[in-house]
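Let me begin by handing over the structure; questions about it come next.
Read the figures in this text as sums done on the coordinates, not as results from a lab. Bear in mind the structure is a predicted one, so any value in this text is a computation, not a measurement. Cβ sites come from the backbone with ideal geometry, for glycine too, and all protein chains shown count toward neighbours.
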Amino acid sequence: LLKFYSKSQTEKQLLSLFEGHVKFSLLYKGSLHGFSVSDIFQKSINQGCIMMVGYLADDVIVGGCTSQWLRDHYAAFKDEKAFYFYIEQSELDRTSVKSITANINMINFENGLKFHLSKTNTSKLFATRVDLEEEEKVLQELEVYRVEDLGDLLDSPWRELYWDEEIRDQLKNSIINYKPPLNLVSKTKVLLVGPVGAGKSSFISSVGSVFHGWVALRAMFRSYNIKTSQAGEQNPLVLCDMMGLGEEDLPGVKVNNVLQAVKGHVPEGYKFNSSEAIGSDTRGYISTPGIANKIACVAFVVDARKVQTYPDDIQEGLQELRLKIRDLGVPQVALLTHIDEVCHAVDKDVSRVYVCRHIQDKVTAAGNLLGLPVSCIVPVRNYSSELELDCSTDILILNALELILRYADLFYEDYDFFKAIQ
Ligand SMILES: Nc1nc2c(ncn2[C@@H]2O[C@H](COP(=O)(O)OP(=O)(O)OP(=O)(O)O)[C@@H](O)[C@H]2O)c(=O)[nH]1
Ligand SMILES: [Mg+2]
């Protein structure tokens, strides 16, 4: 904001114009982008709620807000949330309006405030305070902001996590240095299970990305060793990918075949076929799996967008799996994916994940769906289309791995006990 105003004071006043928590993102600044009205339109269209802030001489600020930008430049439209405001001698004055009129030369907040282009000099913008019966005045600066509603954000996070690079590196190191407990196995096997398209394979490739490995994924039972250094050293953590659970008539893996994999019967590279039941006549079938073949932790992967609406057969399949896997003594956790697609604020900044009320609800819903306590469920954002790594995204992925490994260790620690009772 302009130099002659202390930024915090003006910003506070502007924030106070709105009822809930909001955040401003600058879309347009006259001195930067030029004072052309068509540029303002172009930059502001389809951005949701927009606030214009104009600076006149003598420290006077005039501005207005609309809850949606016009699709048609030549339209008058109703806007229940629109208002205009003046700040003069540090006093803020806000007036609600019911409608806005705009064309290529002007934007009119009812009969209060009017922004317009001079007919003679198109490189200048003007504002008129019509309600004060003032003549038009030249704008020294004009800023347009997108106003983001943070109303769904909690004041403090419901789960504490720190988001700096040091923490990320610590988490990374703790996973690089991980060793399975009790020298029972050299590798800890984790199986990802969940509906088709939930993000199982993406999670494995995201882990690969965090460690700068390279992971290619195919639709078969495959285990992925994560390379944790450029030298190609392999981590004792092995993530096993498989076909997703199918909905209704869609092809997908059946509950019994998942259990076969958990028990360690399914050979590496097995190509799932939704109609075939895995059994002793399956090629490469491991009839007497040792502890090294067995899965030490099952990580359910569910899509945050669908967690409350999965069809009955998926819900039943997940419940059945949970009970049967529990009886095998295999610990279970869950990853909630696609969180960026249920919360705009989280899409912009993943570190907001634990202040988003919406995502907290989804985690609770995932707990109900799977019959797991909320403490074993973590939200993650997979690297899907992004090319750049992001520290907070890394932290969530590493945090999920840490949870998985903590539970996998319990499998080995309790192994003798479960072997004895089976
Ligand atoms: N935006 C977003 N997209 C995701 C996320 N996770 C996965 N995706 C996308 O969702 C689609 C499905 O992801 P996959 O990883 O193939 O899902 P899957 O669980 O392996 O699916 P199947 O192997 O078919 O059972 C892909 O297009 C991914 O790019 C996420 O956290 N955020
Ligand atoms: Mg997959």
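Which of the GluC sites (Glu not before Pro) across region 50-113 are loop residues per DSSP, with 15 or fewer other Cβ within 10 Å? Intermediate values should be presented prior to the final figure.
Values: sites: 80, 88, 91, 110; in loops: 80, 110.
Sparse-neighbourhood loop GluC sites (Glu not before Pro): 80.
If the chain were replaced by its equivalent ellipsoid, with semi-axes equal to the square roots of 5 times the Cα gyration tensor eigenvalues, what would those be, largest first, whole Å?
Working: eigenvalues 652, 89, 67 Å².
Largest first, the chain gives 57, 21, 18 Å.
Which shape class, rounded, prolate or oblate, goes with region 258-325 when its Cα gyration tensor gives a ≥ b ≥ c as root eigenvalues, a/c under 1.5 marks rounded, and past that a/b bigger than b/c marks prolate? Don't skip to the answer; put the middle values down first.
On the way: a/c = 2.47, a/b = 1.80, b/c = 1.37.
Prolate, since a/c reaches 1.5 and a/b exceeds b/c.
Please sort by residue number the GluC sites (Glu not before Pro) in region 362-413 whose DSSP state is loop and whose Cβ has at most 10 other Cβ atoms within 10 Å. Before the final figure, lay out each step's value.
Values: sites: 386, 388, 402, 413; in loops: 386, 388.
The qualifying sites are 388.
Over the Cα atoms of region 7-149, Rg to Rh with Kirkwood Rh, two decimal places? Intermediate values should be presented prior to the final figure.
Details: Rg = 13.7 Å, Rh = 15.0 Å.
Rounded to two decimals, Rg over Rh is 0.92.
Which loop GluC sites (Glu not before Pro) in region 147-179, with loop taken from DSSP, have no more than 10 other Cβ atoms within 10 angstrom of their Cβ?
Details: sites: 148, 160, 165, 166; in loops: 160.
Sites meeting the loop and neighbour criteria: 160.
Still on this structure, please answer the following. For residue 28, which sequence-distant residues (separation of 5 or more, or a different chain) have an amide H within less than 5 Å of its own amide H, given hydrogens modelled in the peptide plane?
Under 5 Å from the amide H of residue 28 lie the amide H atoms of 144, each far enough along the sequence or on another chain.
Just tell me the longest site-free run in the chain, where the sites are trypsin sites (Lys or Arg not before Pro) in a DSSP loop having at most 16 other beta-carbon atoms within 10 Å.
On the way: sites that count: 3, 71, 81, 98, 119, 124, 159, 187, 218, 271, 283, 305.
With a cap of 16 other Cβ atoms within 10 Å, the longest stretch comes to 306-422.
Sorting 316, 19 on the 10 Å Cβ count, fewest up front, what's the list? Can you show the working numbers first?
Numbers: 316 12, 19 9.
The most exposed by this proxy come first: 19, 316.
Using only DSSP helix segments of four residues or longer, with each worth -39500 (n - 2.57), what per-residue ellipticity at 222 nm results for the chain after dividing by its residue count and rounding to 500? All intermediate terms of the calculation are to be shown ahead of the outcome.
Details: 11 runs with 118 residues, N = 422.
Computed ellipticity for the chain at 222 nm equals -8500 deg cm²/dmol.
In whole percent, what relative contact order does region 165-421 give with Cα contacts below 8 Å and a gap of six or more residues?
Result for region 165-421 is 23 percent.
List the aspartates and glutamates whose Cα sits under 13 Å from the Cα of residue 263, skipping any in the same chain fewer than 8 residues away.
Qualifying aspartates and glutamates at Cα under 13 Å: 327.
State which entries of 43/137; 271/362; 12/172; 12/124 exceed 31 angstrom in Cα-Cα distance in the structure shown.
271/362; 12/172
When the Karplus curve 6.51 cos²θ - 1.76 cosθ + 1.60 is applied with θ = phi - 60°, which whole-Hz ³J(HN,Hα) does each residue of region 279-294 get, with x for Gly and Pro?
Once rounded to whole Hz, the list reads x, 4, 8, 5, 4, x, 3, 8, 6, 10, x, x, 4, 5, 7, 7.
Subtracting the Cα-Cα distance from 0.36 nm times the residue separation, let me have the gained length for residue 134 to residue 375 in nm, one decimal. If you can, show how the numbers build up before the last one.
Values: separation 241, 0.36 × 241 = 86.76 nm, distance 6.15 nm.
Stretched fully, the residue 134-residue 375 segment lengthens by 80.6 nm.
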